[in-house]
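Colleague: I'd like to ask some things about the structure below.
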């Protein structure tokens, strides 16, 4: 594959993934509760991933090892992070959410160091510190957010990157043989929806999609499908270009998320937010692995 084609694919996928950030903001705009949104997100994803599995003629197997693995992926990759993300997205500008999501590699490195699966590197640790500095720039100055009283939701939003970081390290350590990322995603979605849907119904937070759809419902569908498209295409990109080149998609997703949010939602950001974006991207540059990475953990 030519370099120009690689760059085009990287940019296209990054923009697609970045578009899911303002769409999430729209999905929560009318008060839909997280568990109801998660249930339908899983249902939409199962439909798309199921169609891909039909074409591939490959399906997840549900032995004891795989069930535990799928449940952990569902909890750390969907239930927990999305619950907190939806709560935070209802309160924060989507551009700020995009910057926060760029902290996944920083937390991944911190978790890996704690588990002693990564060797300490002064340069990469400096990247973690820059990521922390970016967060401080978002919550510290009173002029950083449109409503300073909502700064606490930045901390709520940070729970999602922590979950994704734990998920990435869990996959690196516990992934069963013969279970590729798409099969794992489908298996996790199938099991997780069996938890999310009953909870949504029992709690009264189920979303009735039999009524005429508005922008939030279409945004939820679009976000779910775009995430599947971006993720499946990203796996293909890794195979064609290698993990080091592909990992650079984190920059595109973050920048695209900020600018698309400004464009689609007409958001405006303070100088502190723009400075936080620059500091977070600098930290991301230091944290990015220089050699092969085990997993596409930069974005989610």
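Colleague: Can you find a residue that is farther than 26 Å from residue 210 by Cβ, surrounded by 22 or more Cβ atoms within 10 Å (Cβ to Cβ) and within 21 Å of the chain's Cα centre (by Cα) anywhere in the range 27-41? Steps first, answer last, please.
Modeller: As a first pass, look at the range 27-41 and keep what is farther than 26 Å from residue 210 by Cβ: none.
So far as the range 27-41 goes, no, none of its residues is farther than 26 Å from residue 210 by Cβ, surrounded by 22 or more Cβ atoms within 10 Å (Cβ to Cβ) and within 21 Å of the chain's Cα centre (by Cα).
Colleague: Every residue in the range 144-158 that is without any contact (Cβ under 8 Å) to a residue 24 or more places away in the chain and part of a helix (DSSP H, G or I), please.
Modeller: Selection gives 148, 149, 152, 155.
Colleague: Given the conditions (1) assigned to a helix (DSSP H, G or I); (2) surrounded by fewer than 23 Cβ atoms within 10 Å (Cβ to Cβ); (3) in contact with a helix residue (DSSP H, G or I) (Cβ under 7 Å, 6 or more places away or on another chain); (4) at pLDDT below 95, which single one is not true for residue 14?
Modeller: So residue 14 meets the others, but not (2).
Colleague: Picking from 129, 113, 109, which residue would you name as being surrounded by fewer than 15 Cβ atoms within 10 Å (Cβ to Cβ) and in a helix (DSSP H, G or I)? Show your work before the answer.
Modeller: On the way: 113 fails: surrounded by fewer than 15 Cβ atoms within 10 Å (Cβ to Cβ); 109 fails: surrounded by fewer than 15 Cβ atoms within 10 Å (Cβ to Cβ).
Within the list 129, 113, 109, the selection yields 129.
Colleague: For the range 185-196, indicate whether the set of residues that are exposed (fewer than 15 other Cβ atoms within 10 Å of the Cβ), in a helix (DSSP H, G or I) and modelled with pLDDT of 95 or more is non-empty.
Modeller: yes
Colleague: Here are 238, 255, 229, 193: which of them is in contact with a helix residue (DSSP H, G or I) (Cβ under 8 Å, 6 or more places away or on another chain) and closer than 25 Å to residue 92 by Cβ? Break it down stepwise before answering.
Modeller: Working: 238 fails: closer than 25 Å to residue 92 by Cβ; 229 fails: closer than 25 Å to residue 92 by Cβ; 193 fails: closer than 25 Å to residue 92 by Cβ.
On inspection, the qualifying residue turns out to be 255.
Colleague: Also, quick follow-up: Of the conditions (1) closer than 30 Å to residue 31 by Cα; (2) in contact with a helix residue (DSSP H, G or I) (Cβ under 6 Å, 6 or more places away or on another chain); (3) modelled with pLDDT of 90 or more, residue 59 clears all except one; give me its number.
Modeller: Result: residue 59 fails condition (1) only.
The values are calculated or read from the model by the stated rules, or taken from the named source; none is laboratory data. None of the values given here were measured: they were computed from a predicted structure. Here the Cβ is made from the backbone with ideal geometry for all residues, glycine too, and neighbour counts use every protein chain on show.
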